[in-house]
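Down below is the structure, laid out as structure tokens.
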Amino acid sequence: MKRKITFSTHLLNGLTVLLAAFWLFPLVITLFMSVRPANSAITNGNILLECTTRGLETAQPGDLNLFGCILTPSNYQQAWSLAPWGLHYQNSLIFVFGTLIVQVFTVTLAGYAFARMQFRGRELLLNLILLQLMIPAGILLVQNYSTINGLGLFNTHWALMLPYWGSAFGVLLLRQTFREIPYELEEAARIDGANVFEVLRYVYVPLSIPAYVAFALVSISSHWNEFLWPLIITNSDAVRPLTLGLNKLIKTADQGALYSLLMAGTILVITPLVIMFMLFQRRFIESFASSGIK
């Protein structure tokens with residue numbers, strides 16, 4: 001039987017499309033401005049493209065003419081030449097995946113402990129850990145810097161990763177996921193002689209893959225975009241990630257930033273995240289639906 005589509009359904013669908021367009025609009029602006037001629041003020045033509053007669057007269061070799069508007073792919077080549085992006089990409093990959101690997105171990109063990117183990121003060125300890133979600137990261141900058149500097153790790157990859165090896169969000173997500181797994185499966189594994197680590201490896205982890213994918217997406221995206229902590233704890237391109245590479249594009253001319261180059265650099269930075277989310281968006285949504293976290 002075909003389900004009847006009501007007016008309220010159409011209304012909700014329309015609101016969803018409008019909301020999606022609202023969130024997509026900044027990305028569209030960034031993409032269009034990244035192919036705008038670098039020497040063109042944003043007051044010429046419109047904020048997105050250079051579509052004036054002046055723009056057509058000053059077009060450079062290699063520029064594209066789209067319905068009277070000039071598109072300049074060379075912005076990406078120029079932005080790439082202004083910073084060692086290959087090194088910054090390498091540093092960002094080490095930062096985000098080095099952090100994620102350790103986080104997977106810590107949140108798995110903590111999530112299992114709070115989901116299945118019984119010990120005195122469990123709820124109090126869980127609440128203390130979850131308080132981290134309400135503490136702004138900036139409050140801990142001085143303490144973290146003092147600790148890292150005392151350990152002699154300043155301007156190293158270890159300094160970038162160390163403060164993020166624990167995750168209150170990951171503990172909550174895995175705790176909720178593990179609680180949804182039938183305890184009878186663990187009991188059966190125990191009867192077969194499995195210890196705690198074998199129970200985690202063969203029972204809980206395989207059944208929680210969507211939650212791990214969601215946590216990985218959140219962890220990678222947040223650390224990929226991290227700016228303030230790397231700015232404080234590093235002082236050389238040998239360690240600095242992509243977000244700090246964008247600083248080299250802020251003042252590329254005497255009058256200040258050339259926004260076309262800056263937007264081209266921004267596209268270079270965010271493209272891997274956009275591709276990653278498009279590939280794993282279904283797993284991302286399924287994990288939160290199954291874990292009960294709203």
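Confirm whether residue 166 is under 28 Å from residue 88 (Cβ atoms), in a loop (DSSP other than H, G, I, E, B) and under 21 Å from the mean Cα position of the chain (by Cα).
Criteria met by residue 166.
Quick check: is even one residue across region 253-274 under 30 Å from residue 187 (Cβ atoms) and within 12 Å of the chain's Cα centre (by Cα)?
no
Which one of these does residue 226 not meet: (1) part of a helix (DSSP H, G or I); (2) in contact (Cβ under 8 Å) with a residue 40 or more places away in the chain?
Every condition holds for residue 226 apart from (1).
If you scan region 101-138, which residues turn out to be over 27 Å from residue 231 (Cβ atoms), surrounded by 14 or more Cβ atoms within 10 Å (Cβ to Cβ) and of a type outside the set (A, V, I, L, M)?
108, 111, 112, 114, 116
Checking residue 79 against (1) surrounded by 14 or more Cβ atoms within 10 Å (Cβ to Cβ); (2) out of contact with any Leu (no Cβ under 7 Å at 6 or more places or on another chain); (3) more than 20 Å from residue 230 (Cα to Cα): exactly one of these is not met. Which one?
Condition (2) is where residue 79 drops out.
No value in this document is a laboratory result; all are computed from the given coordinates. Because the structure is predicted, anything quoted here is derived from the model rather than measured. Reconstructed Cβ throughout: ideal geometry from the backbone, glycine too, with neighbour counts over all protein chains shown.
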